[in-house]
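*Asks:* My questions all concern the structure below.
Coordinate-derived values only; no laboratory data. Since the structure is predicted, the reported quantities are computational estimates derived from the model, not experimental observations. Here the Cβ positions follow ideal geometry from the backbone for every residue, glycine too, while neighbour counts run over all protein chains shown.
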Amino acid sequence: MLVGNRETDAWVAYYRRDWIRFLVASVGLVAAGFGMGPLRTLQGAWYVLRANQAWSPYPDNQPDVARAYMRRFYTLIGIPPDAAEAARREVEWWRVHREHQHDPTVSEGQLIDALVSLYSYVYAVDKVDIRPAALHRVEAMTLSDQWVAGGCRADDPTLIKERQALVASYSALHQAVA
C-alpha cells in the first residue's frame, strides 16, 4: 500500500513539474520498494528524478538520457540481470504511454504489453502472472491522464481512484513476485 501511495504522490508531482516533491516521493517509493540504506535510497531516487526530468518535456524529451539514468538506477538496486535492458524496457513503457496519450491508434493493450515486458523481465516472473499488476497500473494511468486533462487539481476525486488503482497494482505485483 505504501508503494502505491508514494507512486501516486510522484505522479502528481511529475505532472505539476514540482521536482522537489517528486524527489521526496521517489525517496519514499525507493525506500518502501527496495529496502536499501538511506544513502543508496537517496541515490536511487535521484536517478529516478533525473530520468523523469529528461523524459518530461513534450515533445522534445531526451529518451537516451532517461535510459542512462534508469540504467544507473537498475544497476544500483541490482535486481535484473541486465540493467541496460531493464532501463530500455522502462523507458519503452513511458514512450508507449506518451503515444497513447496523444495518438488514439495506440491501444491500452500495447501499454499493458509494455508493462508486462518490463515487469516479467525485472522480476523474472511469468507474463501471465504479472499481467494483473499491469492492468491495474494502466487503469491508474488512465485516471491520471483524466486528472491531468481536468487541470491537475489537488481536490480532484480522480486522485483517490488513481491511488486505489496503483495500490491494487502493487498488491498484484507483490503477489506475482512472491
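*Asks:* State, as an integer percentage, the relative contact order of segment 2-177 based on alpha-carbon contacts under 8 Å between residues 6 or more apart.
*Replies:* On the way: 223 pairs, mean separation 35.2, N = 176.
Relative contact order here is 20 percent.
*Asks:* Separate question: Could you give the nm distance between label points at R95 and S107, where each point is 7 Å from its Cα heading toward the beta carbon?
*Replies:* 2.0
*Asks:* Put +1 on the Cβ of every Lys and Arg and -1 on every Asp and Glu Cβ in the chain; which of L29, T158, S171 then has its Cα farthest towards the positive end of the dipole?
*Replies:* So the residue furthest toward the plus end is L29.
*Asks:* I would also like to ask the following. Put +1 on the Cβ of every Lys and Arg and -1 on every Asp and Glu Cβ in segment 36-178; which of V65, V148, P104 then has its Cα farthest towards the positive end of the dipole?
*Replies:* V65
*Asks:* Let me know the charge dipole size of the chain about its Cα centre in debye, to the nearest 20, where only the beta-carbon of Lys, Arg (+1) and Asp, Glu (-1) is charged.
*Replies:* Dipole size: approximately 500 debye.
*Asks:* Between M1 and Q62, what length comes free when the chain is fully extended (0.36 nm per residue of separation minus the Cα-Cα distance, one decimal in nm)?
*Replies:* Result for the pair: 18.8 nm of gain on full extension.
*Asks:* Taking the Cβ of Y74 as the center, what net charge do the other residues with Cβ under 9 Å away carry, scoring Lys and Arg +1 and Asp and Glu -1? Mind dumping the intermediate values first?
*Replies:* On the way: positive: R71, R72; negative: D82, E85, E90.
Counting the neighbours of Y74, the net charge comes to -1.
*Asks:* I would also like to ask the following. In segment 1-32, whose amide N lies under 13 Å from the spot 7 Å out along Cα-to-Cβ of C152? List them in ranges.
*Replies:* 10-22
*Asks:* Same structure, new question: Ranked by Cβ crowding within 10 angstrom, fewest neighbours first, how are V65, V167, V30 ordered?
*Replies:* By the 10 Å Cβ count, ascending: V65, V167, V30.
*Asks:* State, in angstrom, two size descriptors of segment 17-156 derived from its alpha carbons: Rg to one decimal place and Dmax to the nearest whole number.
*Replies:* 15.1, 43
*Asks:* Another question, if that's okay. Kirkwood hydrodynamic radius of segment 89-136 from all distinct Cα pairs, in Å?
*Replies:* Value: 10.7 Å, from the Cα pair sum.
*Asks:* Applying the Karplus parametrisation 6.51 cos²θ - 1.76 cosθ + 1.60 with θ = phi - 60° to the phi angles of segment 14-30, what ³J(HN,Hα) value in whole Hz is obtained for each residue in order, glycine and proline being reported as x?
*Replies:* Calculated HN-Hα couplings, in order: 4, 6, 8, 6, 9, 5, 5, 5, 4, 4, 4, 5, 5, 4, x, 5, 5 Hz.
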